[in-house]
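Asker: Okay, here's the structure, questions in a sec.
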Amino acid sequence: MIMDYVNAFWVGGLICVVAQILIDKTKMTPARILTSFVVAGVVLGSFGIYDKLIDFAGAGATVPIVGFGNTLVKGVMKGIREEGFLGVFTGGIGAAAGGIAASIFFGFLASVIFNAKQK
Amino acid sequence: MNNSNQEYLDYIEKNSPKSKLWRNMLLAFLVGGGICTIGQGIGDIYEKVWGLNEESVKNAVPITMIFLGALFTGFNLYHKLAKFAGAGTLVPITGFANAVVSPAIEFKKEGYVLGVAAKMFTIAGPVLVYGINAAIAVGMLGYLMGY
């Protein structure tokens, strides 16, 4: 139980450190970091590598945006198993629906409630 | 005297970017790891206290983290944490929520259609476009290869 938290902490932290090195050393913008990390998650997920990391680190692997890419590709694979070629299109967003819908809903709600701070 | 001053300045010049990188890495590690640990805790509460099944927990944790990211962004707290935590606040899913909410609030003055709704996807859009397309490409390849 305690080790679950320790592993979530250091694996999650380390994934962020990789991004920090890229920001400081290559001047990549946050948008490019997030985009490449999601694609990295898709690639790692397609070989089943990322699932092994999730087994080990739990939220340390699912909370970073890399886990979102993994969710997309695992969803596509599951979609293919269940409904053949159509699953290529329905599986990915289907598996990631919760996160996408929550971002759009809470994002909109927050922008209605809150106003921009004066800088 | 002057010479040693110059040497000292050179020393600072040579070493400060490096030590700044180490400092940034440490902060990204601590804050990023911390956010993931919170996610682990939320998942444990859903699973062990509320008795949600594994599949539901997989959906409930990101939704909760996105809610928290949106809330902290609204109160202008996420921005403050991001100032010193850098990638530690960017990479977790809360950073994705921040990337949605932050431009949505900022461009509210341009209206709810072309301001809020359009600008919401300034960063989230590219993430979804490349993430979804990459997954579809992998799926098509897998399907053709007889997966």
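Asker: State which residue is farthest from B:GLY146 (Cα to Cα) when the search covers only region A:44-76 and only residues that are without any contact (Cβ under 8 Å) to a residue 24 or more places away in the chain and touching a helix residue (DSSP H, G or I) at 6+ places or on another chain (Cβ under 7 Å).
Answerer: Of everything passing the filter in region A:44-76, A:THR62 is farthest from B:GLY146 (Cα to Cα).
Asker: Among the residues of region B:51-73, are any out of contact with any Gly (no Cβ under 7 Å at 6 or more places or on another chain), under 26 Å from A:LYS25 (Cα atoms) and not aromatic (Phe, Trp, Tyr)?
Answerer: no
Asker: Of the residues in region A:1-12, how many are more than 8 Å from chain B (Cβ to nearest Cβ) and either among the basic types (Lys, Arg) or buried (at least 19 other Cβ atoms within 10 Å of the Cβ) (or both)?
Answerer: 1
Asker: What helices (runs of 4 or more DSSP H) lie completely within region B:70-120 and have 1 or more residues being at the interface with chain A (Cβ under 7 Å from one of its Cβ atoms)?
Answerer: Helices (runs of 4 or more DSSP H) meeting the threshold: B:87-90, B:93-106.
Asker: Would you mind stating whether B:ILE45 is at pLDDT 95 or above, buried (at least 16 other Cβ atoms within 10 Å of the Cβ) and either outside any loop (DSSP other than H, G, I, E, B) or out of contact with any helix residue (DSSP H, G or I) (no Cβ under 8 Å at 6 or more places or on another chain) (or both)?
Answerer: No: the conditions fail for B:ILE45.
Asker: Oh, and also: Under 8 Å between Cβ atoms, which residue pairs at least 6 apart in sequence (or on different chains) link something in region B:120-147 that is surrounded by 19 or more Cβ atoms within 10 Å (Cβ to Cβ) with a partner that is not in a helix (DSSP H, G or I)?
Answerer: Here the result reads B:VAL127/A:ILE65, each pair linking region B:120-147 to a residue that is not in a helix (DSSP H, G or I).
Asker: Taking region B:58-104, which residues are over 9 Å from the mean Cα position of the chain (by Cα), surrounded by 24 or more Cβ atoms within 10 Å (Cβ to Cβ) and of a type in the set (Ser, Thr, Tyr)?
Answerer: B:THR73, B:SER102 - these are the residues of region B:58-104 that are over 9 Å from the mean Cα position of the chain (by Cα), surrounded by 24 or more Cβ atoms within 10 Å (Cβ to Cβ) and of a type in the set (Ser, Thr, Tyr).
Asker: I would also like to ask the following. Could you check region A:1-56 and list, in sequence order, the residues that are of a type in the set (D, E, K, R) and under 11 Å from A:GLY67 (Cα atoms)?
Answerer: The one that is of a type in the set (D, E, K, R) and under 11 Å from A:GLY67 (Cα atoms): A:ASP51.
Asker: Among the listed residues B:GLY125, B:GLY43, identify the single one that is of a type in the set (Gly, Ala, Ser), facing chain A (nearest Cβ under 7 Å), over 18 Å from A:ILE113 (Cα atoms) and out of contact with any Phe, Trp or Tyr (no Cβ under 8 Å at 6 or more places or on another chain).
Answerer: B:GLY43 is the lone residue from the list that is of a type in the set (Gly, Ala, Ser), facing chain A (nearest Cβ under 7 Å), over 18 Å from A:ILE113 (Cα atoms) and out of contact with any Phe, Trp or Tyr (no Cβ under 8 Å at 6 or more places or on another chain).
Asker: When you scan region A:60-92, how many residues do you find that are assigned to a helix (DSSP H, G or I), under 18 Å from the mean Cα position of the chain (by Cα) and surrounded by 20 or more Cβ atoms within 10 Å (Cβ to Cβ)?
Answerer: Counting residues in region A:60-92 that are assigned to a helix (DSSP H, G or I), under 18 Å from the mean Cα position of the chain (by Cα) and surrounded by 20 or more Cβ atoms within 10 Å (Cβ to Cβ) gives 17.
Asker: Is it the case that some residue within region A:106-119 is more than 14 Å from the chain's Cα centre (by Cα), at the interface with chain B (Cβ under 9 Å from one of its Cβ atoms) and at positive phi?
Answerer: Within region A:106-119, not a single residue is more than 14 Å from the chain's Cα centre (by Cα), at the interface with chain B (Cβ under 9 Å from one of its Cβ atoms) and at positive phi.
Asker: Condition check: part of a helix (DSSP H, G or I), at the interface with chain A (Cβ under 8 Å from one of its Cβ atoms) and out of contact with any Cys (no Cβ under 9 Å at 6 or more places or on another chain). Does B:VAL61 satisfy that?
Answerer: Yes.
Asker: Can you tell me how many residues within region A:46-83 are at pLDDT 95 or above and at positive phi?
Answerer: 1
Asker: Something else now. Do we have any residue at all in region A:13-35 that's touching a residue at least 12 places away in the same chain (Cβ under 8 Å), within 8 Å of chain B (Cβ to nearest Cβ), among the polar types (S, T, N, Q) and in a helix (DSSP H, G or I)?
Answerer: no
The values are calculated or read from the model by the stated rules, or taken from the named source; none is laboratory data. Predicted model only: the values in this text are computed from it and were never measured. Because the Cβ atoms are built from the backbone with ideal geometry, glycine has one as well, and the counts that use them run over all protein chains shown.
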